[in-house]
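The values are calculated or read from the model by the stated rules, or taken from the named source; none is laboratory data. Keep in mind the model is a prediction, meaning the values are calculated, not measured. Positions of Cβ are generated from backbone atoms using ideal geometry, with glycine treated the same way; all protein chains shown enter the neighbour counts. Ligands, DNA and RNA are excluded from the accessible area calculation, which covers all protein heavy atoms including side chains. Shrake-Rupley method; radii C 1.70, N 1.55, O 1.52, S 1.80 Å.
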Amino acid sequence: MNTKNVKAFGTAAPDAPLKPLNIQRREVTANDVEIEILFCGICHSDLHTARNEWHGTVYPAVLGHEIVGKVTRVGNAVTKFHVGDLAGVGCMVDSCRVCESCLEGLEQYCEEGNIQTYNGADKHLGMQTFGGYSESIVVDEHFALRIPENLDLAATAPLLCAGITTYSPLKHWGIGPGKRVGVVGIGGLGHMGVKLAKAMGAHVVVFTTSAAKQADAQRLGAHEVVLSTDEQQMEQQRGRLDFILDTVSASHDINSYLSLLKRDGTLTLVGAPEHPLPVAAFSVIPARKSLAGSTIGGIAETQEMLDFCGEHNITSDIELIDIRGINEAYERLLKGDVHYRFVIDMASLKN
Ligand code: NAP
Ligand code: ZN
Ligand code: ZN
């Protein structure tokens, strides 16, 4: 298969800094689009993967799955895009397309495992997939998304992971007017969860460990903000929430959050800490509570989320960085010191 040499930024080992390298992209086949990447968000999953915290990282690893850019080439069977269109790519670039989940538009739950944008098994080139910290990407048009033209492009990139990962569970668990929703952790995912739950009409309660983020949480749309290290503030929320979206990236006590649910309430994990989280049986038994999980969203739902954000004028709050600042950005991400998503200006990779 013909390939093209492309500039990228990646890492060769769990403890190595990210640095420039070259990767191969396939030439477009009939159903592919080639996208020149203009902006790429930095998700905490990039950091977990770069440092092999979930195990199984294949090196060199090129991260990045919040990709937006311009279509530069299309295969001869492509119908969704033309050269010059804006397009986005999120966390998946392929799936089996024929299992029950795929046929229901739930490619993220493909029974053979979806093919992730990075550190997945590239069907075409027989090696690991490479993500968006690169000049361009080639992807089957089914896995490329249309980007609303009215939104700021750099601030739209994080919708491709942080946006859909929070939108999908909010929809699945029926969030809307009359529901009291807790969002735990105000980082990339959490701040999108607040904006989306508010736009869906819910009453939003934010839980943060960072006193400095309290005022911001209100600006983002929270109706109430709880400093989760303050026992009294936590106690005031006991038994009051219908649903909790937990976006925390590190070990934390989920039993204290389960105690905040009403009878039949659900706590859904989207955050994926490296180590298991202990759960006490009596955190869920007495009021028939559910502990659940959710991952990203299907392609159709991702398009629905982007269109919803276009209609409601919702984007991410971002700090735009040069790609040379990426190692420093990772260190700040680790400390929860991001307001609220780093996005790489990919023009900086060209220089
Ligand atoms: P992020 O921007 O780093 O945000 C995580 C937030 O969690 C921090 O801002 C902080 O919020 C809170 N936090 C961090 N360490 C904590 C600790 N030790 N105790 C309590 N709170 C802590 O990360 P992100 O990009 O939003 O990603 C969050 C998690 O979701 C990651 O594990 C990521 O891998 C995972 N993820 C999952 C999916 C999926 O499909 N399920 C998709 C994308 C990402 P406060 O300062 O407000 O406390
Ligand atoms: Zn992500
Ligand atoms: Zn499938």
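Could you grab me the full set of residues in region 121-132 that are within 15 Å of the chain's Cα centre (by Cα) and closer than 19 Å to E53 by Cα? The one that is within 15 Å of the chain's Cα centre (by Cα) and closer than 19 Å to E53 by Cα: G131. Scanning region 92-115 for residues being within 16 Å of ligand 2 (Cβ to nearest atom) and either part of a helix (DSSP H, G or I) or without any contact (Cβ under 8 Å) to a residue 60 or more places away in the chain (or both) gives a total of 5.
Can Y118 be described as within 15 Å of the chain's Cα centre (by Cα), open to solvent by 10 Å² or more (accessible area, probe 1.4 Å) and touching a residue at least 60 places away in the same chain (Cβ under 8 Å)? Steps first, answer last, please.
Values: within 15 Å of the chain's Cα centre (by Cα): yes; open to solvent by 10 Å² or more (accessible area, probe 1.4 Å): yes; touching a residue at least 60 places away in the same chain (Cβ under 8 Å): yes.
Judged against the criteria, Y118 is a match.
A search for C-beta distances below 7 Å between a residue of region 247-268 that is surrounded by fewer than 18 Cβ atoms within 10 Å (Cβ to Cβ) and any residue that is acidic (D, E), counting only pairs 6+ apart in sequence or on different chains, returns K262/D242.
Of everything in region 64-115, what is of a type in the set (A, V, I, L, M) and surrounded by 17 or more Cβ atoms within 10 Å (Cβ to Cβ)? Give them in sequence order. Give the steps one after another, and end with the answer.
So the first thing to find is which residues in region 64-115 are of a type in the set (A, V, I, L, M), and the list is 67-68, 71, 74, 77-78, 83, 86-87, 89, 92-93, 98, 103, 106, 115.
Listed by number, the residues that qualify are I67, V68, V71, V74, V78, L86, A87, V89, M92, V93, L106, I115.
Among the numbered conditions (1) of a type in the set (G, A, S); (2) within 13 Å of the chain's Cα centre (by Cα); (3) open to solvent by 30 Å² or more (accessible area, probe 1.4 Å), the only one that G41 does not meet is (3). The residue pairs whose first member lies in region 130-149 and is more than 16 Å from M92 (Cβ to Cβ), whose second member is among the β-branched types (V, I, T) and open to solvent by 10 Å² or more (accessible area, probe 1.4 Å), and whose beta carbons are closer than 9 Å, counting only pairs six or more residues apart or on different chains, are S136/T72.
Checking each residue in region 197-215 for being open to solvent by 40 Å² or more (accessible area, probe 1.4 Å) and more than 15 Å from Y167 (Cα to Cα) picks out H203, T209, A211, A212, Q214, A215. Checking each residue in region 16-37 for being open to solvent by 50 Å² or more (accessible area, probe 1.4 Å) and either free of Cβ contacts under 8 Å to residues at least 12 places away in the same chain or under 25 Å from V343 (Cβ atoms) (or both) picks out P17, K19, P20, N22, E36. Filtered by the rule that a residue be open to solvent by 40 Å² or more (accessible area, probe 1.4 Å) and either under 15 Å from G185 (Cβ atoms) or within 24 Å of the chain's Cα centre (by Cα) (or both), region 273-287 gives E274, H275, P276. Taking the criterion of being within 28 Å of Q303 (Cα to Cα), more than 9 Å from ligand 1 (Cβ to nearest atom) and part of a loop (DSSP other than H, G, I, E, B), the residues of region 29-65 that qualify are T29, A30, N31, V62, L63, G64.
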